[in-house]
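Below you'll find the structure, written out as structure tokens, and then a few comments.
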Amino acid sequence: MDVIEVLPGLRMLVLPVGAAYLWSDGRELTLVDSGAVGTEEQVAALVESVPGGEPARIVLTHWHEDHAGGAARLAARYGGVPVVAHRVEAPVIRGEAVGAPPVLEEFERPIRASVPALPPAPPCPVDVEVVDGDVLPFGGGARVIGVPGHTDGSLALHLPGPDLLFTGDAVANVGRTTLGVFNTDRARAVASLHRLAGLGAAHAVFGHGAPLVGDAAAALRAAAAEAG
């Protein structure tokens with residue numbers, strides 16, 4: 001199990017596609033994204049390696065298979081722990097609606113072709129629907145930031161205390177920091193990237209790629225400038 005301790009209280013589980021994150025507030029744990037179908041045991045091993053061993057909540061940044069695929073089984077494993085998602089995204093995660101496909105840029109087509117196909121995410125209850133500006137009770141108050149563009153209901157999380165940003169797939173850091181790929185609406189995705197860059201967060205973690213510790217603000221600003 002490839003686990004990185006990003007910051008005190010934050011562990012990153014590197015998965016074959018993407019990542020899951022575990023935040024610890026002493027004895028209370030929060031899982032941010034659940035990995036794909038088939039990675040549930042790895043994610044559970046991460047959760048259960050920490051004193052307490054059960055999450056208080058599972059937060060999903062968006063509905064894509066590599067982020068929400070394991071959520072249903074993990075929520076059931078931990079006694080129906082609440083699953084949190086953006087209000088716009090909740091019907092897709094529940095299986096009540098179909099998420100919009102990406103509109104691929106020309107350069108994205110070979111990238112898309114190289115990504116292994118993943119099983120679809122099984123329908124999962126969403127117990128807590130959030131919107132931009134809501135605050136979740138972990139990390140001293142995690143502010144929900146609506147970042148539409150990758151999907152209609154993508155969300156990011158900003159923890160002002162540790163000055164930590166969870167970007168989901170709104171931003172990627174594979175080799176360098178860039179606008180995330182495979183977006184449904186590039187213009188909205190670029191606007192969301194600019195908003196995240198404007199936060200000036202010291203630290204950032206991504207749906208795909210290495211964490212940035214201490215130097216995230218400059219990297220995000222450069223990515224936003226490049227995106228247009």
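Nothing in this text is a laboratory measurement; each read-out follows from the coordinates by a stated rule. It should be emphasised that the depicted structure is a prediction, and the values quoted were computed from it without experimental measurement. Every residue, glycine as well, gets a Cβ built from its backbone with ideal geometry; the counts of neighbours run over all protein chains shown.
When the alpha-carbon atoms of region 1-78 are used, the pair Rg, Dmax equals 11.0, 30 angstrom. Distance from the Cα centroid of region 185-208 to that of region 90-126 is 20 Å (rounded to whole angstrom). Pull up the DSSP beta bridges for the chain and report the antiparallel fraction as a percent, rounded to 5. Taking every DSSP beta bridge with both residues in the chain, the antiparallel ones total about 70 percent.
Averaging over all projection directions, find the projected area of the Cα convex hull of region 21-148 and quote it in nm² with one decimal place.
8.2
Amide hydrogen proximity for VAL171: with H placed 1.01 Å from N in the peptide plane, the residues at 5 or more positions away or on another chain lying under 5 Å are GLY180, GLY207. So for the pair GLU28, SER49, with labels modelled 7 Å out along Cα→Cβ, what separation do we get in nm? Taking the simple label geometry, GLU28 and SER49 are separated by 2.4 nm. Stretching the chain fully between ALA222 and ALA202 yields a gain of 5.8 nm (0.36 nm per residue, less the alpha carbon separation). Take the Cβ atoms of ASP127 and ASP215, set R0 to 41 Å, and the FRET efficiency comes out at 0.70.
Determine, from the Cβ-Cβ distance of ARG109 and VAL174 and an R0 of 22 Å, the FRET efficiency 1/(1 + (r/R0)^6), rounded to the nearest 0.05.
It comes to 0.85.
Seen from HIS86, the other residues with C-beta closer than 12 Å to its C-beta sum to a net charge of -4, counting Lys and Arg as +1 and Asp and Glu as -1. Full extension from VAL14 to VAL135: what is 0.36 nm times the residue separation minus their Cα-Cα distance, to one decimal in nm? Working it through step by step, the gained length comes to 40.9 nm. The value given for region 98-177 is a Kirkwood hydrodynamic radius of 15.1 Å, derived from the mean inverse Cα-Cα separation.
Compare the Cα positions of VAL213, CYS124, GLY79 along the charge dipole of the chain (+1 at Cβ of Lys, Arg; -1 at Cβ of Asp, Glu; about the Cα centre) and return the one farthest towards the positive end. The residue sitting farthest along the positive end of the dipole is VAL213. For VAL59, the residues whose amide H sits under 5 Å from its own are LEU31, VAL32, ASP33, VAL84, ignoring neighbours fewer than 5 places away on the same chain, with H placed 1.01 Å from N.
Each residue of region 88-102 was assigned a 3J(HN,Hα) from its phi angle through the Karplus expression (A = 6.51, B = -1.76, C = 1.60, θ = phi - 60°), giving 5, 7, 4, x, 5, 5, 6, x, 8, 8, 9, x, 5, x, x Hz with x at Gly and Pro. Taking the DSSP bridge list for region 21-118 and keeping only pairs wholly inside it, about 45 percent are antiparallel.
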